[in-house]
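The values are calculated or read from the model by the stated rules, or taken from the named source; none is laboratory data. What you see is a predicted model; the values in this text were computed from it and never measured. Cβ placement follows ideal geometry from the backbone for every residue including glycine, while neighbour counts extend to all protein chains displayed. Note: accessible area is taken over every heavy atom of the protein model, side chains too, but ligands, DNA and RNA are not part of it. Shrake-Rupley method; radii C 1.70, N 1.55, O 1.52, S 1.80 Å.
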Amino acid sequence: MNFDVTPVEVVTREFVVVILAGFGNELLPLTGEHGDEPCPKGLLPISNKPMLDYPLSWVEQSGIKDVLLICPSSHRPAISHYIHSQSSSASFSSVHIDLQTFDESQELSAGTCSVLRHFANRIKEDFILIPCDFIPPPSLPLSKLLNKFRTDTISDGSIVTSCWYEHKPDKLATPDEWGSPVQPTPIVWDHLTGTLLYVDSPHETDKNSDELELRMSLLSRYPQAKLSSRLLDSHVYVCKRAVLDLLAQKTRFDSLREDFFPWLCKLQYQSTKREKYATSIRIGIIIHRADDGFAIRVNNLPAYLEANRHIVTENEMHQFVADTSIGDFTRVEEKSTIKKSTIGKHCVIGKMVKIVGCVLLDHCVISDGAKLDGCILGNSTTVGSKAVLVGCVTQAGYEVKDNESVRHEKLDISDWAAQPEDSEGDVEGSAGEEESDEDED
């Protein structure tokens, strides 16, 4: 009888994923509180799937098992419920999610560098930083970034691999009141080695907004470097653990993209400064082209509307018509028309309603004869009969009165609560404003 004991191999973790789910101030009033309950950005639905589903699915497909999910303290109950719900647990059964909170207020949010410093003791290995709002295409698996990082770290000791993407926005314009879409950041990279060489920063823009200043040492070392002002930062970074050590030294840095990475880029071709740090500081880059698949960061209202228009999840809703998604348990009455829209779960759409190019979150009630065009309605929004909304965004729980007409507004509860109770006066005032707008046009 053989009593030899086979030694147990200890499998070390190669990566941990860090997902950041902040307040989402750029998506107000959608992320404003509904009564006493918060409306976490990470749980806003995109084509009737919580936003967090997209990065978590991306991570699970890569084979990574461990996720550190960081959110504000006030969002913990809602996100914890989502993680442990039956549908979420079944979807991500192979992923272990460690939910941690960071004390901050909606008025004063901490930068990414501060958050990483705070949780550095929980990150013992190389890590992948992913925002909760990045929607990757099937043609960009996370394994592509990981393989680039592995190759670069072995060949030349790269410390970070970044991912930038090309985006062709919808031709349909959104109201100026919603805010402007995020503009591309000018960058310089070497396509032969896949190295990010320069990232424009607010500091550089303030010094000279008309021209891009590049050092001769950069151009002499990388004579075939390329410049682009059409790429967006996905804010997905595969990082060596040493990044946290550098952040511990550079306590003044708040933003990775605006502070830390522009500084790292300069070190790559400034040998005197590079010698101060006992680690390689090359930054790798992967570029995803728009023709290879739709990618987007849902970090503003125009992007949220655009993402819903593009992404249709067939398994989680009934396809009412070819270009529209209808959530479970939603009722649509007779003679209503819905085009190019996403309708959430448990909604009620009355008779003779017209909805075009809209996103309705769960539990919305649209009364008979109402018309909606290019709107985003927060959870439990109620729209009165024959009301007209064009290019509006509502906070959860907002109520639009019968016959009310509103164009290009962000509607939050404080505005609604401040309105006088005389509904007839409100209707006449709204109609008068509408006629005035038309006269000006």
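Please give the number of the condition Asp133 fails out of (1) open to solvent by 10 Å² or more (accessible area, probe 1.4 Å); (2) under 22 Å from Pro302 (Cβ atoms); (3) touching a residue at least 40 places away in the same chain (Cβ under 8 Å).
(1)
Checking the structure you have, find out if any residue of region 316-333 is open to solvent by 10 Å² or more (accessible area, probe 1.4 Å), modelled with pLDDT of 90 or more and aromatic (Phe, Trp, Tyr).
yes
Between Leu212, Leu219, Leu140, which is in contact with a Pro (Cβ under 7 Å, 6 or more places away or on another chain) and of a type outside the set (Asp, Glu)? Don't jump to the end; show me each part of the working.
On the way: Leu219 fails: in contact with a Pro (Cβ under 7 Å, 6 or more places away or on another chain); Leu140 fails: in contact with a Pro (Cβ under 7 Å, 6 or more places away or on another chain).
Only one candidate passes the filter, namely Leu212.
Is it fair to say Leu196 is modelled with pLDDT under 90, surrounded by 14 or more Cβ atoms within 10 Å (Cβ to Cβ), on the phi < 0 side of the Ramachandran plot and touching a Cys at 6+ places or on another chain (Cβ under 9 Å)? Full working, then the answer.
Numbers: modelled with pLDDT under 90: no; surrounded by 14 or more Cβ atoms within 10 Å (Cβ to Cβ): yes; on the phi < 0 side of the Ramachandran plot: yes; touching a Cys at 6+ places or on another chain (Cβ under 9 Å): yes.
Here the answer is no, as Leu196 does not meet what is asked.
I want to confirm something. Restricting to region 141-169 and keeping residues that are part of a loop (DSSP other than H, G, I, E, B) and surrounded by 16 or more Cβ atoms within 10 Å (Cβ to Cβ), which single residue is farthest from the chain's Cα centre (by Cα)?
If we filter region 141-169 for residues that are part of a loop (DSSP other than H, G, I, E, B), which is where we start, we get 141, 157-159, 167-169.
Add one more test, that the residue is surrounded by 16 or more Cβ atoms within 10 Å (Cβ to Cβ), and what stays is 158-159, 167.
Details: Ser158: 27, Ile159: 25, His167: 14 Å.
The qualifying residue farthest from the chain's Cα centre (by Cα) is Ser158.
Filter region 339-392 down to the residues that are outside any loop (DSSP other than H, G, I, E, B) and either in contact (Cβ under 8 Å) with a residue 60 or more places away in the chain or open to solvent by less than 10 Å² (accessible area, probe 1.4 Å) (or both) and list them by number. Spell out how you get there, then give the answer.
To start, the set of residues in region 339-392 that are outside any loop (DSSP other than H, G, I, E, B) comprises 339, 342-343, 348-349, 354-356, 359-360, 365-366, 371-373, 376-377, 382-383, 388-390.
Of everything in region 339-392, those that are outside any loop (DSSP other than H, G, I, E, B) and either in contact (Cβ under 8 Å) with a residue 60 or more places away in the chain or open to solvent by less than 10 Å² (accessible area, probe 1.4 Å) (or both) turn out to be Thr342, Ile343, Ile349, Ile355, Val359, Leu360, Ile366, Leu372, Ile376, Leu377, Val383, Leu389.
Considering each of Leu68, Leu30 in turn, give the residue that is open to solvent by less than 40 Å² (accessible area, probe 1.4 Å) and at pLDDT 95 or above.
Working: Leu30 fails: at pLDDT 95 or above.
Only one candidate passes the filter, namely Leu68.
Among (1) closer than 22 Å to Ala173 by Cα; (2) modelled with pLDDT of 95 or more, where does Ile287 come up short?
All conditions are met except number (1).
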